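To start, the structure itself, in structure tokens.
The values are calculated or read from the model by the stated rules, or taken from the named source; none is laboratory data. Computed from a predicted structure; not experimentally measured. For neighbour counting, all protein chains shown are included, and Cβ atoms are generated from backbone atoms with ideal geometry for every residue, glycine included. Heavy atoms of the whole protein, side chains included, go into the accessibility calculation; ligands, DNA and RNA do not. Shrake-Rupley method; radii C 1.70, N 1.55, O 1.52, S 1.80 Å.
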Amino acid sequence: MEEIVKKLIKEAFKTGYTYSDYRVLVDQLVLENKSTGVAQTEALSNYSLLNHKRMKRLDKTTKLSEEVLEKLQSLDRKVIWIVLTESWCGDAAQTLPIINKIAEASNNITLKVVLRDENSELMDNFLTRGSRSIPKLIMVDEAIKEVIDCWGPRPSIATNMVKTYKEKHGTLTAEFKQDLQIWYNKDKGENTIADLLELLSLK
């Protein structure tokens, strides 16, 4: 890992939010009709409010199966997950609560949440096809000496759905984005869980 990237990750780890602190931050911003990020618009505030409700629901309803919990108990190395996100991001609202549930279930995973716009230099080292797509999970070793792997901005099935739609239509329509949220609701985090177990080499 390049020294500059290592330095950026260490800084993000030091200044990043715990998941619960991030949820408190978004809760407060929603009360003020605001969102995280540099831009402040009514649309982004509305997305943040909607996402806050989604995350609140997922925090309560997401349960990991005994099989998943057993796999997580077999994780034999300590890792750090740095997740770049913003409160207005719909994909993050559907996956960050799942990421947190998995991190909570293992003593070997430390999760930190950082805001993309406040960490643009770090974000620019982990682009998705040239884009600052979020959420982006960066997995590093405990000593922050190497990037082990990355995940995001969407679970694998959703990624394929987006790719197929873009190839056919050129861009993502509002209708497709709504369909994607319906898919997330039906999937109940299963694809995200499977992806993250694979990330941890526990599949």
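In whole angstrom, how far apart do the alpha carbon centroids of segment 45-90 and segment 158-182 sit? Each part's Cα centre sits 22 Å from the other's. Using the average count of surrounding beta-carbon atoms within 10 Å as a protection proxy, the listed peptides 161-172, 47-58, 142-153 rank, highest first, as 47-58, 142-153, 161-172.
When a/c reaches 1.5 or more, the comparison of a/b and b/c decides; with that in mind, is segment 110-203 rounded, prolate or oblate per its Cα gyration tensor?
oblate
Ellipticity at 222 nm from helices only: DSSP H runs of n ≥ 4 in the chain, each -39500 (n - 2.57), divided by the residue count, give -17000 deg cm²/dmol. Averaged per residue, segment 112-203 has 54 square angstrom of accessible surface, using a 1.4 angstrom probe with ligands and nucleic acids left out. In percent, rounded to a whole number, the relative contact order of segment 37-104 is 55, using alpha-carbon pairs under 8 Å and six or more apart. State whether segment 18-82 is rounded, prolate or oblate according to the following rule on the C-alpha gyration tensor (a ≥ b ≥ c being the square roots of its eigenvalues): a/c under 1.5 gives rounded; otherwise a/b larger than b/c gives prolate, and the remaining case gives oblate. Prolate. Computed over protein heavy atoms with a 1.4 Å probe, the carbon and sulfur contribution to the accessible area of the chain reaches 49%. Packing here is the average count of other Cβ atoms within 10 Å per residue, and on that basis the peptides 40-46, 105-111, 61-67, 192-198, highest first, run 192-198, 105-111, 40-46, 61-67. Convex hull of alpha carbon positions in the chain: directionally averaged projected area 11.2 nm². Shown in residue order for segment 138-151 are the 3J(HN,Hα) couplings computed by the Karplus curve 6.51 cos²θ - 1.76 cosθ + 1.60 at θ = phi - 60°: 10, 9, 10, 6, 4, 7, 6, 9, 8, 7, 7, 5, 9, 8 Hz (x for Gly and Pro).
The residue among Thr85, Val147, Ser48 whose Cα reaches farthest toward the positive pole of the charge dipole of the chain, with charges on the beta-carbon of Lys, Arg, Asp and Glu, is Ser48.
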